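To keep things clear, I will list the structure first and then write my remarks on it.
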Amino acid sequence: MTDSDSLHDHVTEPMAGPLAAPMADCCPRCAFEAVDTLHTSPVPGVWDVLQCRRCLYTWRTSEPARRTRREAYPEQFRMTPQDIENAPEVPALPPLRTSA
Ligand SMILES: [Zn+2]
């Protein structure tokens, strides 16, 4: 018989509480304030899928704060208007090789 204390652990830490704070309607990645709602949950009010009009970052409101809130979004992934302006173009696919 093993010690199974862990079965009775009480986790008091709030787990990303549902609707803890109303979502600030600004983009977590670039802080742009024009955000579109792409989808809403089948059960109303559970989540929305939002998209930034400027950088096209898309997220669901039920994702963790580091994906949904500007102040919690990882520093190294944030974008400024300058970053977006200077983002290199995605290279085109080269033509298929015809050798052999
Ligand atoms: Zn954005």
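The values are calculated or read from the model by the stated rules, or taken from the named source; none is laboratory data. Treat the numbers as computed from the prediction; the structure is a model and nothing was measured. FYI the Cβ positions are ideal-geometry reconstructions off the backbone, even for glycines, and counts take in every protein chain you see.
Residue by residue, here is whether (1) at pLDDT 95 or above; (2) surrounded by 10 or more Cβ atoms within 10 Å (Cβ to Cβ); (3) closer than 30 Å to Glu89 by Cβ holds:
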{"site": "His8", "(1), (2), (3)": "no, no, no"}
{"site": "Met15", "(1), (2), (3)": "no, no, no"}
{"site": "Pro22", "(1), (2), (3)": "no, no, no"}
{"site": "Asp25", "(1), (2), (3)": "no, yes, yes"}
{"site": "Val49", "(1), (2), (3)": "yes, yes, yes"}
{"site": "Leu56", "(1), (2), (3)": "no, yes, yes"}
{"site": "Arg60", "(1), (2), (3)": "yes, yes, yes"}
Could you check Thr37 against (1) part of a helix (DSSP H, G or I); (2) exposed (fewer than 14 other Cβ atoms within 10 Å of the Cβ) and say which number it fails?
(1)
Any pair with Cβ under 9 angstrom, 6 or more apart, that starts in the range 30-43 at a residue that is closer than 16 Å to Arg60 by Cα and near the ligand (Cβ under 9 Å from one of its atoms) and ends at one that is among the polar types (S, T, N, Q) and at pLDDT 95 or above:
Val35/Gln51
Only residues that are part of a loop (DSSP other than H, G, I, E, B) and either crowded, with 16+ Cβ neighbours inside 10 Å or among the charged types (D, E, K, R) (or both): list them for the range 63-100, please.
Glu63, Arg69, Tyr73, Arg78, Met79, Glu89, Arg97
